[in-house]
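First comes the structure, then the notes that go with it.
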Amino acid sequence: MRKRDLVVIGAGPAGMAAAVLAAELGLDVTVLDEQVLPGGQIFRGVDRVSASRSKILGRDYTDGARLTQDLRQSRIKHFSGAVVWAIEENFRISFTHEGRGAQINADRILLATGALERPMPIPGWTLPGVMTAGAGQILLKQSGIVAQDAVLVGSGPFLYLIATQMVGAGTPPAAVIETQRLRDMIRATRHLGGALRGWPYLAKGLKMISEIKRARVPRYTGATQIAIEGEGKAAALTFIHKRQKKRVACKTVYLHHGVVPNTHAARSLGISHRWDAGQVSFVPELNPWGQSDVAGVFIAGDGAGIGGAKVAEYAGQLAALKVAEELNCISISHRNRVAVPLRRALAREMAVRPFLDAAYPPFEEALSPSDSTLVCRCEEVTAGDIRKYARLGCLGPNQTKAFARAGMGPCQGRYCGLTVTALLAEANGLSPDQTGYYRIRAPLKPVTLGELAAMDNMSEGPVD
């Protein structure tokens with residue numbers, strides 16, 4: 001089995017930028033990505049999007065075509081539809097591709113696995129017709145489908161982006177229900193200096209809010225006691241706004257209150273993580289080059305901490321520089337010289353992040369749901385169940401698996417992990433770091449016996 005210099009897992013902005021630069025510096029690079037086309041979530045389907053849909057989605061989206069085109073290099077082997085299900089300590093990576101198993105060895109690994117939308121467990125969130133805002137955007141990007149009578153719920157600029165795209169598509173949302181409060185914005189002013197450095201982001205946000213107003217889409221901020229009504233499917237959304245109960249009839253609900261790093265692959269390798277209070281999530285421990293405390297493993301993009309597409313691109317390039325230097329393809333002085341403008345651009349892009357994190361925090365009621373609210377949808381475990389286990393002596397998420405299989409369903413804890421950690425930490429009076437997270441083991445994704453049986457026939461084929 002041939003060993004590649006660098007294997008990149010994920011073909012979003014971080015993975016693509018890293019792979020391209022690494023190949024230009026002389027490395028043999030393989031990219032493994034689950035999607036049919038490169039681009040990740042942010043640039044999903046950009047190579048096939050029509051001109052009319054490009055206009056709706058905007059220039060920030062179509063800019064991704066630059067990265068996808070650069071990815072098509074002779075030194076880069078890109079496997080689309082490749083599902084990585086195990087990464088061993090000797091850097092042997094197991095994945096499935098075209099219905100058969102395969103393995104590849106690497107000198108260095110870059111995890112560019114991106115982010116997940118933060119789960120928003122509120123009453124009724126498991127009803128048909130309720131989905132994440134990101135899922136709604138996927139429908140628009142890939143198929144040009146826009147839900148009618150949809151309500152956007154949560155917090156963060158991403159809601160404004162979805163709303164303006166829906167307006168541009170001629171199907172505006174029925175309402176935008178936001179959970180951030182005036183005091184959040186006041187608290188965020190201490191980061192105003194950084195926000196002004198990132199003024200293009202603020203200008204974009206104000207422009208999107210203006211477009212939403214011009215389209216006469218009702219917008220409510222500071223909403224509390226949010227619940228989704230319906231018998232068998234979503235029918236309406238209720239909430240409290242300015243001490244008055246409101247009800248908006250709807251067929252579709254898009255939920256969003258931020259994104260969090262996708263850390264499953266990193267955790268499977270034993271990489272250290274810490275709680276980031278600003279982003280209200282766990283992030284991997286990395287040095288300025290994206291290098292983890294497991295030698296030879298790098299992480300870039302939103303999987304290293306939420307920063308957006310541009311930050312991911314610069315971080316991926318910095319990681320590629322470090323890998324190239326370690327493998328003696330470039331000198332340390334070359335590495336440092338090329339890194340200077342990248343670090344400057346990265347700092348500029350990140351300047352606004354503390355302001356955004358403070359101004360648009362996650363919805364408190366979804367971080368600590370009512371007892372009757374499901375938090376682990378796969379195994380139907382409620383918030384009340386988790387609190388009960390804490391009273392019985394449960395201190396961490398791994399113990400909840402023994403109590404009620406929480407985190408052991410098809411999603412393997414991707415969508416309940418942070419909520420379970422938060423509930424246990426609150427109930428036991430501990431910090432999230434003390435409470436911890438699920439222990440992640442292979443397989444990271446489902447793999448069939450048929451795919452495993454075919455592995456011998458594929459183990460050398462796809463990488464030579």
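Nothing in this text is a laboratory measurement; each read-out follows from the coordinates by a stated rule. Bear in mind the structure is a predicted one, so any value in this text is a computation, not a measurement. Virtual Cβ from ideal backbone geometry, glycine too; neighbours counted across all protein chains shown.
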**Request:** Rank the residues V146, V338 as a footprinting-exposure proxy: fewest other Cβ atoms within 10 Å of their Cβ go first.
**Result:** V338, V146
**Asked** For the residue pair A203 and Q434, what label-to-label distance in nm results when each label sits 7 Å from Cα along the Cα-to-beta-carbon direction?
**Response** 4.7
**Of the GluC sites (Glu not before Pro) in segment 364-445, those whose Cβ has at most 15 other Cβ within 10 Å and which sit in DSSP loop** = E380
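Within segment 367-464, which trypsin sites (Lys or Arg not before Pro) sit in a loop by DSSP and count at most 12 neighbouring Cβ atoms inside 10 Å?
R441
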**Request:** Find how much the distance from E364 to D149 grows on full extension, using 0.36 nm per residue of separation minus their present alpha carbon separation; answer in nm with one decimal.
**Result:** 74.8 nm
**Prompt:** What order, most packed first, do the peptides 129-139, 56-66 have when packing is the mean number of other Cβ atoms within 10 Å of each residue?
**Reply:** 129-139, 56-66
**Prompt:** For segment 229-238, in order, what is each residue's ³J(HN,Hα) by Karplus, 6.51 cos²θ - 1.76 cosθ + 1.60 with θ = phi - 60°, in whole Hz (x at glycine and Pro)?
**Reply:** 9, x, 10, x, 6, 5, 10, 6, 10, 10
**Prompt:** In the chain, which cysteines lack any other cysteine Cβ under 4.7 Å from their own?
**Reply:** C250, C329, C378, C394, C411
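To the nearest 0.05, how large is the calculated FRET efficiency for D63 and R344 if R₀ is 30 Å and r is the Cβ-Cβ distance?
Details: r = 20 Å, r/R0 = 0.66.
The computed FRET efficiency comes out at 0.95.
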**Fill in**
The long-range amide H neighbours of V31, using H built 1.01 Å from N in the peptide plane and a cut-off of under 5 Å, are V8, K77, H78, F79
**Request:** With everything on Cα atoms, drop me the angle between helix 417-428 and the longest principal axis of the chain, reported from 0 to 90° to the nearest 10.
**Result:** 60
**Message:** Which residues does the label zone of R92 cover in segment 431-447, counting backbone N under 19 Å from a point 7 Å along Cα→Cβ?
**Reply:** 441-445, 447
**Request:** Compare the peptides 76-82, 316-322 by average per-residue count of other Cβ atoms within 10 angstrom and give them in order, highest first.
**Result:** 316-322, 76-82
**Asked** What span do the alpha-carbon atoms of segment 330-464 cover on each of the three principal axes, reported in whole Å from largest to smallest?
**Response** 57, 51, 22
**Asked** Considering only DSSP states other than H, G, I, E and B, which trypsin sites (Lys or Arg not before Pro) in segment 212-243 qualify as loop sites with at most 12 other Cβ atoms within 10 Å?
**Response** R216, K233, K242, R243
